[in-house]
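Read-outs: derived from the displayed coordinates by stated rules, not from any lab. Model, not experiment: these values are computed from the prediction. Positions of Cβ are backbone-derived with ideal geometry, glycine not excepted, and every protein chain shown enters the neighbour counts.
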Amino acid sequence: MTRFILGIDTSCDDTGVGIVELVPASGGTGGGVEVRANRVWSQTVHAQYGGVMPELASREHVERIDSILGDALAESGLDLTDLGAVAATSGPGLVGALLVGLMYGKGLAQALGVPFYAAHHLEGHIFAAASEEQLQAPYLALVVSGGHTHLFDVVQEGDYRLVGATLDDAAGEAFDKVARLCGLGYPGGPAISEAATRGDPDAVPFKEPLKGQKAFDFSFSGLKTAALLAHKAGAKPEDLAASFERAAVGFLVKTTVRAAEHLGRRTVVVSGGVAANRALRDAFAQTGLHVVFPGKGLNTDNGAMIALAGAAAIRAGREPSPLSVGAQAYAPLAQ
């Protein structure tokens, strides 16, 4: 049985390498998955541009991936020869960045003579919550990050139905743009959250996006425009941050709760970089739903979540991926 699985993620500007262990069933327990290592190099070169520069991201991945792999092995106490499988993100993401981790993972698997699994980035985010508890489908999954805002109904493991998605910006992208507008720095999520602790959430009135919609979609363009107008009108950065955060969080939670009620789901997985937002976690705690967040360090892009996706594929009996698999910038998880 494959025991240790290496996961690699280079889909954007984080070089992530993680290792998980498949724990066999024993003593009446059904077994599970344990994260043995999770090392991430977060690139800082993009801060001066206020967003990710794809070519620079690819170069940084090439320069860092060897050392990050070494760090992950050291953290886990394992050697390369202990690995039983390798998984790497094949999409969606920046193609140049994806190719670094994908080719590295395929080469490593071939050199070690172990199976290779191409992993879907969003599926990795969903399975990141498996580090906290053994998820039992069906459940709802909200993936909310700098590049994605998707709401999936997970009917069973590997069977996803798209319930709602953003019509324009991803939530994390909107946080980045509002933070840049306020001069709060990059990445915008942590900057907005920190500034919001000093601001008045009632200072700037924001209208609820897509109010009255029958569907479960998301839109952040209206909030961005309102933030720009408030900024031009002289709103204090900390007040604008607090007001924007409350509006964005409220919209995400309200839409997700409506979808859960409509589908009859009591468990909701919330993952992605924005899932680290304290206001979002506090708001979901008030819904009465069973909400599962990924463990520490597993919200943002990382290799452990890709290893967890690989572990799910192995448990489900899926065939390894062919080494001819390529990187995909656009790769829907579900229609």
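Looking across Leu78, Leu73, Leu135, one residue alone is part of a helix (DSSP H, G or I) and out of contact with any Cys (no Cβ under 6 Å at 6 or more places or on another chain). It is Leu73. Any residue that is in contact with a Lys or Arg (Cβ under 7 Å, 6 or more places away or on another chain) and closer than 29 Å to Asp153 by Cα - is there at least one of those in region 196-213? So far as region 196-213 goes, no, none of its residues is in contact with a Lys or Arg (Cβ under 7 Å, 6 or more places away or on another chain) and closer than 29 Å to Asp153 by Cα. The set of residues in region 247-271 being closer than 15 Å to Ser219 by Cβ and among the hydroxyl-bearing types (Ser, Thr, Tyr) consists of Thr255, Thr256.
To keep it simple, each residue is scored yes or no on (1) touching a Pro at 6+ places or on another chain (Cβ under 6 Å); (2) in a helix (DSSP H, G or I).
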residue	(1), (2)
Arg198	no, no
Pro209	no, no
Gln213	no, no
Phe216	no, no
Gly222	yes, yes
Ala227	no, yes
Ala235	no, no
Arg246	yes, yes
Thr256	no, yes
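Of the residues Ala118, Ala97, which single one is in contact with a Leu (Cβ under 8 Å, 6 or more places away or on another chain), under 18 Å from Ile65 (Cα atoms) and crowded, with 24+ Cβ neighbours inside 10 Å? None of the other options fit; the residue is Ala118. Residues that are basic (Lys, Arg) and under 27 Å from Leu308 (Cα atoms) within region 241-285 comprise Arg265, Arg266, Arg278, Arg281, listed in sequence order.
Among the residues of region 274-320, how many are assigned to a loop (DSSP other than H, G, I, E, B) and buried (at least 22 other Cβ atoms within 10 Å of the Cβ)? So the answer is 7.
Yes or no, residue by residue, for (1) touching a residue at least 24 places away in the same chain (Cβ under 8 Å); (2) not β-branched (Val, Ile, Thr):
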site	(1), (2)
Leu223	yes, yes
Leu228	yes, yes
Pro237	yes, yes
Ala241	yes, yes
Gly264	no, yes
Val269	yes, no
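Exactly one residue out of Ala165, Ala179 is surrounded by fewer than 21 Cβ atoms within 10 Å (Cβ to Cβ) and small (Gly, Ala, Ser), and it is Ala165.
Residue count for region 229-248, restricted to those that are at negative phi and surrounded by fewer than 21 Cβ atoms within 10 Å (Cβ to Cβ): 10.
Taken over region 81-94, the residue count meeting the criterion of being surrounded by fewer than 20 Cβ atoms within 10 Å (Cβ to Cβ) and either on the phi > 0 side of the Ramachandran plot or assigned to a loop (DSSP other than H, G, I, E, B) (or both) is 1.
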